[in-house]
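Have a look at the structure below, then the notes.
The values are calculated or read from the model by the stated rules, or taken from the named source; none is laboratory data. Keep in mind the model is a prediction, meaning the values are calculated, not measured. Here the Cβ positions follow ideal geometry from the backbone for every residue, glycine too, while neighbour counts run over all protein chains shown. Calculation scope for accessible area: heavy atoms of the full protein, side chains included, ligands and nucleic acids excluded. Shrake-Rupley method; radii C 1.70, N 1.55, O 1.52, S 1.80 Å.
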Amino acid sequence: MPAPKRPHVYLVDDDADVRTAVSLLLKTEDFRVTTFADAGSVLAAVDETTPGCLLLDVRLPDMDGLTLHRHLKARSVAMPVIFITGHGDIPMAVRAVNEGALDFLEKPFHDDALIDGVRQALALDAEQRAGAAEMAEVEERLASLTPRERQVLEALLDGQPNKLIARALDVSVRTVEIHRGHLMQKMGAKSASHLARLALACADYRDRLVPG
């Protein structure tokens, strides 16, 4: 398997002096920094697998930062975004936050505010990716269930006892118990409540539990 990508701070600003100054500041705090001068370069370089965060200037030569943020979200790029804004760009930055950006910093910003914001953004990105990986594993376990095991799981999540499940499926209670044991093992569930939490964690789990 390929080695996981290392998280970076992706700094996007068309001002070369800003890119140099901010990059040097972040590197003194051991952040890994990649800089871009325009939106097109960002779109060519990052995708949904790219870990890190974006420091994004509102004003860019090829498209504004708000539009770039929308393009990234449309591509399922969910890394946290902190907008860098001049005084006149604050209304646009506020709109960006309302659309999901983590925060915005008004130029000239304090070094501590920038560093704290980046730390928060990278921590959030790591948390989101860990959660996504966990959900992917749960979905893989759900997909491994047989049609009958899915029927039993569906009934269990509806709160039905084994006797009612057996009657509905026209099988013995012992057969239901065997299916229940198998699906618990496949799901890695330690209890019925744990099983419910695992299944319900996937928002569209019922769409995949179609009885066969």
Worksheet, complete the sentence: On the formula 1/(1 + (r/R0)^6), with r taken between the Cβ atoms of Arg70 and Met135 and R0 of 22 Å, the FRET efficiency rounded to 0.05 is 0.35
Worksheet entry | Accessible-area value, Glu139, 1.4 Å probe, nucleic acids and ligands omitted, Å² | 80 Å²
Worksheet entry | Neighbour-limited loop hits for trypsin sites (Lys or Arg not before Pro), segment 42-101 (at most 12 other Cβ within 10 Å; DSSP other than H, G, I, E, B) | Arg75
Response to the item:
Helix-only [θ] at 222 nm, the chain, -39500 (n - 2.57) per DSSP H run of 4+, per residue, nearest 500, equals -17500 deg cm²/dmol
Response to the item:
Put Arg148, Arg197 in order of accessible area, largest first, probe 1.4 Å, and you get Arg197, Arg148
Worksheet item: Cross-link partners among lysines for Lys107, C-alpha distance below 26 Å, same-chain residues fewer than 8 apart left out?
Response: Lys27, Lys73
Worksheet entry | Probe 1.4 Å, all protein chains present, accessible-area order of Phe36, Phe83, Phe109, largest first | Phe109, Phe36, Phe83
Response to the item:
Per its Cα gyration tensor (rounded if a/c is under 1.5, else prolate when a/b beats b/c, else oblate), segment 4-94 is best filed as oblate
Response to the item:
The aspartates and glutamates whose Cα lies under 14 Å from the Cα of Lys163, excluding any fewer than 8 residues away in the same chain, are Glu177
Response to the item:
Within the under-15-Å Cβ sphere about Leu24, not counting Leu24, Lys/Arg +1 and Asp/Glu -1 give a net charge of -3
Worksheet item: So what's the net charge close to Val118: Lys and Arg +1, Asp and Glu -1, counting the other residues with Cβ under 13 Å from its Cβ?
Response: -4
Worksheet item: What net charge do the residues around Asp38 carry, taking every other residue with its C-beta under 15 Å from that of Asp38, with Lys and Arg at +1 and Asp and Glu at -1?
Response: -4
Practice prompt. Over 21 Å, how big is the tail of the calculated P(r) for segment 53-202, in percent of all Cα pairs?
Written response: 59 percent
Item to complete: For the chain, set up a Gaussian network in which alpha carbons nearer than 10 Å are linked by springs, and say which option among Pro80, Pro91, Pro161 fluctuates the most.
Response: Pro161
Discussion item. Given the whole protein assembly as supplied and a 1.4 Å probe, what does the accessible area of Asp116 come to in Å², nearest 10?
Written reply: 90 Å²
Worksheet item: When the Karplus curve 6.51 cos²θ - 1.76 cosθ + 1.60 is applied with θ = phi - 60°, which whole-Hz ³J(HN,Hα) does each residue of segment 133-148 get, with x for Gly and Pro?
Response: 5, 5, 5, 5, 5, 5, 5, 5, 5, 4, 5, 7, 6, 6, x, 5
Discussion item. Per 0.36 nm of contour for each residue apart, how much would the distance between His110 and Met63 grow if the chain were fully extended, relative to their Cα-Cα spacing?
Written reply: 14.3 nm
Worksheet item: To the nearest 10 square angstrom, what accessible area does His87 show with a 1.4 Å probe?
Response: 140 Å²
Fill in: Percent accessible area from carbon and sulfur atoms, the chain, protein chains only, probe 1.4 Å
53 percent
Worksheet item: Between Ala78 and Ala21, what length comes free when the chain is fully extended (0.36 nm per residue of separation minus the Cα-Cα distance, one decimal in nm)?
Response: 17.9 nm
